[in-house]
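This report refers to the structure that appears directly beneath it.
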Amino acid sequence: MEVGKLVAVIGDEDTVTGFLLAGVGHRNAQGSNFLIVKQDTQLPQIEDAFRTLSQRDDVGIILINQHIANDIRHVLKDYNATIPTVLEIPSKEHPYDPEQDYIMQRVNMFLGGGGV
Amino acid sequence: MTTPKPKEGTGDIATFNIQHGFAEALVRGMRSSFLQDQDYHHLTQCETLDDVRLNLTETDYADSIADFNSLNPTMLQKAAVDKLVTEFKYLRTQTVEPLSTFLDFITYEYMIENVMLLLKGALSGRDINELLEQCHPLGMFKESTMRSIPTFENSAKGYSDLYQTVLVDTPVGPYFSKFLQESAMHRGAHSRNVLEEVEIEIIKSSLIKYWIEDFYMFVESLGGDTATIMGDILKTRADTNAVNITLNSFGTPLNEPAMRSSDRKRLYPAVGYLYPAGTSMLADVSDEDELGRVLELFPSYSAIWSIHASGTGDKSIDDVFYERDVQALELAFESQFHFGCFYAYVKLKEQEIRNLVWITECILQQQKDEIEKFVQVFSNTAPWRGKTR
Amino acid sequence: MAEVPPTRMNQQIFKGKLKAAQGGHKLLKKKADALKVKFRDYAKNISETKSGMATDASSAFFSLTQAEYAAGNFKQKVAEGSMNARIRVGAGVDNVAGVKLPVFTKYETGAVADNQSLGLVGGGKKIVAVREKFTVLLDMLIKLASLQTSFVTLDEALKVTNRRVNALENVTIPKIEGVLAYIGRELDELEREDFTRLKLVQGKKEQEEKEEMKKKEASKALKKPGKENSADITAAFDATDDEDVVF
């Protein structure tokens, strides 16, 4: 077991390619730490990938494209562990929308509402 | 190698049309399918991809995108490539030897890509049907080969069987065996190990090198204008590869002193204007300055290099190469009685597809400042046409 | 409240409890304030980083487009083959007012980069640019991940602390104060009762003394037999006059 945790990516081809080039990719006999979501990728496949990744204890961060996060929002809602951290990131075709990000909602509520 | 001896040459001004007049007429008719200056102008003015779609319905791409409700760069690229492939296949059916072999040669380049993709993908346990979908349609093998590929099991053995029984029989098989032979001579490694250990891009570059050499020999054997014009194009291509390989090897293991002469040098094609004097000098180059000093000796490349070295960032060396290629290909396309126009047609269409993808990506990502940075094909305002915008 | 017997001992105990509760309340309040300050920091930081991320991401994606223009379709090659992560994240711990916050730090394994020769025959430099852009983006995301995890953890901790503060303030302390007041009231009441009783007893005694004196004087004067006398004394004593003393 190596030190440090992996950064997992669930995203469209461009996102995954970019991060793989940056060097986060890890693939061995147990599988890989990324999922390329294409237009014909089925929803259950994404859900499964997310569940598997979020249960792996060698994963520290899960990066997920926001538009994909929206598709599996129901799974994300049930997910409440701290680690791995789920981070919603923009994709090429879908600019980042803070409104849809749970964390940003909370942040804005806090900053806007002046505290709970 | 695979090259069959042509029964006869391409013919000259008096006899070319007997055999190849019809095919040439066809490809010349496709000249009008290229996007015009005003098409590009309209496209670059678009705000959304829907606008692009509407604008494209005015062009030759109308049929290809007729069924699309929406548009994204990937879809457009696929549709455009499919269109090119359909046209190319139609051309291929209308040709007789030696033009048909010439056209086949064009597809080998894509076949090499596909073989690499299949081998590497199969090695990492990917679903082979999925991989077949990703293959470039221009480089597809015979039906029987395509059908037999998925029947191999996903294991090291199955995959070595795949190589030994199927891929050797493809037109690019000889390039493979040549590569494996040379590697075996160098390191005494077994074929499977070579494929596993050597980086996919390096294998590909080697195969492309053999392909360029083979193709060059073929057009030389055809003689006449074809040899002159295609020879020039292929030599330039070989040079481009040599320069690019050198430039892009900096910062990778390929630039290590030991690798330079053993591995990198083997990737330089044995044809071209840089060969042999230039490539032997390139072999010892270790950084950009040294590369620049070598290229200074060759007037046509020193100009390109100076644009790269000035480092304004406006144009990369790739852009300059593309520009020069487009110029040469346009010339090849517009002259007559040789095969160069077929090659030029495919390559220019490829550039056009690249441009379309670029424009749509720029619009999609709202990078309007960058949208003009592509090389137009058959533009009336191109620098080499001597007109200003 | 009624179950607490209003004794001096209980009063002492509850006084101690009140003091502890107030001390705890003060401390927790301080902790909540400290957390809140930190929380606000994180919130601001996240909102800034997230908006910065959008620009970084789009420039990263655009570099990919540029690379594709120059190098052709290389994307599918990137995802092939087995690979080892070059970049991992180490999980450290930051401590804010006793709340442990996970912090991710980027950590390079030193593994050799995959696909280094990508774009060898063209576009290689552009692909290097993509690597760089995405590495920058990744750095930012790792930072953001730490912030976000801390934010969530703090959020949780803050909620718990606030709940405790509120519970102390609105439930526990008033309850203890109530008990104390009750005990105080009861004790006062007892004291007053004792006082009246003593007064009564004293009054009775004085009266009795007086009567005895009178009787003595009378018997001295009459010299009558003492039989009547003794009956009189018992008649004057009434059991109901005196309450049971309850301690």
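Every read-out reported here was derived from the displayed coordinates using simple, explicitly stated rules and does not represent laboratory data. This structure is a prediction, so every number in the text was calculated from the model and none was measured. Neighbour counts are summed over all protein chains in view; Cβ atoms, including those assigned to glycine, are modelled from backbone coordinates with ideal geometry.
Assign one of three labels to region B:199-251, namely rounded, prolate or oblate, based on the Cα gyration tensor with a ≥ b ≥ c the square roots of its eigenvalues; rounded applies when a/c is under 1.5, prolate when it is not and a/b is larger than b/c, and oblate otherwise. Note, shape of region B:199-251 comes out oblate.
With helices defined as uninterrupted DSSP H runs, which ones in chain B have an alpha carbon span along their own long axis of at least 20 Å and mean Kyte-Doolittle hydropathy of at least 1.0? Both cut-offs are met by no helix. As a length-normalised measure over Cα pairs under 8 Å and 6 or more apart, the relative contact order of region C:29-156 settles at 37 percent.
Just checking the listed ones, B:253, B:174, B:137: in the Gaussian network model of chain B with Cα springs under 10 Å, the one fluctuating most is B:253. Relative to the longest principal axis of the Cα atoms of chain C, the long axis of helix C:124-167 makes an angle of roughly 10 degrees.
Partner shielding of C:142-151 amounts to 6, given as the average count of beta-carbon atoms from other chains within 10 Å of each residue beta-carbon. Using Cα centres only, tell me the gap between region B:300-365 and region C:1-64 in whole Å. Between the Cα centres of region B:300-365 and region C:1-64 lies a distance of 62 Å.
Largest mean-square fluctuation among A:39, A:66, A:55, in a Gaussian network model of chain A whose springs join Cα atoms under 10 Å apart, belongs to A:39. For the residues of B:357-366, the average number of beta carbons from a partner chain within 10 Å of their own beta carbon is 4.
Taking other C-beta atoms within 10 Å as the exposure proxy, B:250, B:179 rank B:250, B:179 from fewest upward. Dividing the mean sequence gap of close Cα pairs (under 8 Å, 6+ apart) by how many residues region A:6-111 holds gives a relative contact order of 28 percent. Rounded to the nearest 10 degrees, the inclination of helix A:102-113 to the longest alpha-carbon principal axis of chain A is 20 degrees. Separation of region A:37-58 from region C:128-174 is 25 Å, based on Cα centroids. Per-residue ellipticity at 222 nm from helix content only, as computed over chain B with -39500 (n - 2.57) for each DSSP H run of at least four residues, stands at -19500 deg cm²/dmol. Each peptide in B:317-324, B:343-350 was scored by the mean count of other Cβ atoms within 10 Å over its residues; highest first, the order is B:343-350, B:317-324.
Residues considered: B:66, B:79, B:227. Largest GNM mean-square fluctuation over chain B, using C-alpha springs under 10 Å, is found at B:66. Counting Cβ atoms of other protein chains within 10 Å of each residue's Cβ and taking the mean over peptide C:86-98 gives 4.
Ordered by the number of other Cβ atoms lying within 10 Å of each residue's own Cβ, fewest first, C:47, B:32 fall into the sequence B:32, C:47. Dipole of region C:29-156 (Lys/Arg Cβ +1, Asp/Glu Cβ -1, origin at the Cα centre): which of C:96, C:71, C:152 lies farthest to the positive side? The residue sitting most towards the positive pole is C:96. Basic side chains Lys and Arg get +1 at the Cβ, acidic Asp and Glu get -1 at the Cβ, and with that the dipole of the protein assembly as shown about its Cα centre reaches some 2760 debye.
In terms of its C-alpha gyration tensor, region B:221-318 comes out oblate, because a/c is 1.5 or above while a/b does not outweigh b/c. Note on region A:6-111: with charges restricted to the Cβ of Lys and Arg (+1) and Asp and Glu (-1), its dipole about the Cα centre is near 260 debye. Note on B:144, C:58: ascending count of other Cβ atoms within 10 Å places them as B:144, C:58, the fewest first. Helix C:173-222 and the longest principal axis of the Cα set of chain C meet at an angle near 10°.
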